[in-house]
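S.K.: Okay, handing you the structure first.
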Amino acid sequence: MRALHTAATGMMAQELNVQVISNNIANMRTTGYKKQRAEFQDLLYEKISRVGTQTSDQGTVLPVGIEIGFTVLEWKEIPIFPKVKLVDQRGDVAFNAIDTSSRWHEPTPPGEYAATAWIPGNLLNEGLISVQVAICSFGATTIHHHAGCIDAVSFHVQDPAEGDSARGRFTGQWKGVVRPMLEWTTEER
């Protein structure tokens, strides 16, 4: 399956390269037009840090950090940003998230970067979670992936059903990808 993904992403990269070349040809006589180049590089690494573990006998789960390491090779005129997508074992998307920090509103200078997305404890339902990571930019109405990895890392969420758990006293299986521990308020009327 990974070989098919590699082939598909290679074809998408070549498609982007052809689009950039076509755009350059179409605009070569336009006054002030600056030639564009498509450059590609593999993601350097992905890792999980502080894997969710129990912090006490009550079963409180720590946040899980997904760190994305990448290198910007050349100054580009478009801002880029890191993105994560979490998927359960059935292929259902738990969520997509991007780093909305203002540091990604301007073009990123060349250098090595590490961005960490923190997933709160007591958010995900039990089961196998796969993480997809990417470095992206915004189009008019789309997100363009410049580098990425499907199934960068996977981890298993297990709720001991003890103490401070989103499952409370329920011992059965919850449905759904997320099972957040929400703050509730109740008043008698």
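S.K.: Do we have W118 as within 19 Å of T71 (Cα to Cα) and in contact with a Pro (Cβ under 8 Å, 6 or more places away or on another chain) here?
M.R.: Values: within 19 Å of T71 (Cα to Cα): no; in contact with a Pro (Cβ under 8 Å, 6 or more places away or on another chain): yes.
No; evaluated as a whole, the condition is false for this residue.
S.K.: Could you look through the range 132-182, keep only residues that are aromatic (F, W, Y) and assigned to a loop (DSSP other than H, G, I, E, B), and pick out the one that is farthest from the chain's Cα centre (by Cα)?
M.R.: Among those that are aromatic (F, W, Y) and assigned to a loop (DSSP other than H, G, I, E, B), it is F170.
S.K.: Counting just the residues of the range 34-89 that are at pLDDT 70 or above and acidic (D, E), which one comes out nearest to I129 (Cα to Cα)?
M.R.: D88
S.K.: Right, next: T108 versus (1) without any contact (Cβ under 8 Å) to a residue 40 or more places away in the chain; (2) surrounded by fewer than 17 Cβ atoms within 10 Å (Cβ to Cβ); (3) among the β-branched types (V, I, T): which is the lone unmet condition?
M.R.: The single condition T108 does not satisfy is (2).
S.K.: Looking at this structure, is V93 closer than 26 Å to W184 by Cα and either surrounded by 11 or more Cβ atoms within 10 Å (Cβ to Cβ) or charged (D, E, K, R) (or both)?
M.R.: yes
S.K.: Sticking with this structure for a sec: Which condition does A134 not pass, out of (1) surrounded by 14 or more Cβ atoms within 10 Å (Cβ to Cβ); (2) out of contact with any Gly (no Cβ under 6 Å at 6 or more places or on another chain), if it passes all the others?
M.R.: (2)
S.K.: Select from the range 113-131 the residues that are over 13 Å from the mean Cα position of the chain (by Cα) and under 16 Å from V93 (Cα atoms) and write down the one among them that is surrounded by the fewest Cβ atoms within 10 Å (Cβ to Cβ).
M.R.: Here the residue is L128.
The values are calculated or read from the model by the stated rules, or taken from the named source; none is laboratory data. The structure presented is a predicted model; accordingly, all values stated were derived computationally and were not measured. Here the Cβ is made from the backbone with ideal geometry for all residues, glycine too, and neighbour counts use every protein chain on show.
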